[in-house]
1. For VAL155 paired with GLU66, estimate the spin-label separation in nm (one decimal), with each label point 7 Å from Cα along the Cα-to-Cβ line.
2. Hey, rough spin-label estimate for LYS210 and SER30, points 7 angstrom out along Cα→Cβ, what's it come to in nanometres?
3. Pairs of Cα atoms under 8 Å, at least six residues apart: use those to get the relative contact order of the range 1-121, whole percent.
4. When a footprinting reagent is the concern and you count Cβ atoms within 10 Å, what order do ILE97, ILE75, ILE209 take, fewest first?
5. Between TYR40 and MET18, what's the calculated FRET efficiency when r is the beta-carbon distance and R0 is 22 Å? Round to 0.05.
6. How high is the FRET efficiency between ASN134 and LYS102 when r is their beta carbon distance and R₀ equals 30 Å, given to the nearest 0.05?
7. Give the aspartates and glutamates whose C-alpha is closer than 18 Å to that of LYS103, dropping any in the same chain fewer than 8 places away, or say none.
8. Pop a pseudo-label 7 angstrom from the Cα along the beta-carbon direction at both ASN9 and ALA220 and give the gap in nm to one decimal.
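Bear in mind these aren't lab numbers, they're just calculated from the coordinates by the rules spelled out. Given the structure is predicted, the values throughout are model-derived calculations rather than measurements. With ideal geometry, Cβ positions are generated from the backbone for all residues, glycine too; neighbour counts draw on all protein chains shown.
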Amino acid sequence: MKLIIDYANLEKIKEMYMYYPVDGVTTNPSILAKENRNPYEVLKEIREFIGAEGELHVQVISKIAEDMVEEADKIRQELGDNTYIKVPVTKEGLKAIKILAKKGVNVTATAIYTQMQGYLAGKAGAKYAAPYVNRIDNLGANGVKVAKDIHDIYVKNNIETEVIAASFKNSQQVLELAKYGIGAATIAPDVMNGLIKLDAVTCAVDAFIKDFESVCGENATMLNI
Ligand code: E4P
């Protein structure tokens, strides 16, 4: 399962890349709005940092298919041809996905709340489909199950689309989907940090250090004894 960062702040993205095995960056209009600058300025900095081959996902804003396609062209002009164009899976969105897929554009179908949206997006030719796990949970349904079902639909129908599960709020949701072998998960930095944060681990490491220092002295390591 690929691990993607769902964020647009360059400093945070750099930090995430430094500490974790990260495979790319996703953004959405709300995430970009938090930076309070021209979105292309922000996205170009991210592109420069992750490199021309890095996975960058950018969402269109328009609601009509033809306008979405035009936006996609502009996004790719500005940020590179391999930029993944996020298209919400509405009726117009599906039309846009079909057009873009035919042109060979990488599409990430987004705003997916149901298995049927996932199926249609895959059949329309999207490269990724993004079910919103936590938002689905908040509707009283089961986000992890929706993501797994979409994965199964692709496998059983020989659809090459990968699930990129999105909208996580806790480690359990991420772990469940990693165990299932879905294509990717896109995760905000706080949830990413939460995947590794465990008091028991900190206590274990501190105890090792304390024992070592009790014999070798304060600040001793295997380097300076
Ligand atoms: C994914 O495409 C969305 O950008 C994102 O994961 C939504 O996350 P949220 O529900 O935390 O806003």
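1. According to this spin-label approximation, the distance is 4.2 nm.
2. For LYS210 paired with SER30, the spin-label model returns 4.3 nm.
3. 19
4. Ordered from fewest to most neighbouring Cβ atoms within 10 Å, ILE97, ILE75, ILE209 come out as ILE209, ILE75, ILE97.
5. E(calc), rounded to 0.05, equals 0.30.
6. Plugging the Cβ-Cβ distance into 1/(1 + (r/R0)^6) gives 0.35.
7. Within reach: GLU66, ASP67, GLU70, GLU71, ASP73, GLU78, ASP81, GLU92, GLU160.
8. The two pseudo-label positions are separated by 4.1 nm.
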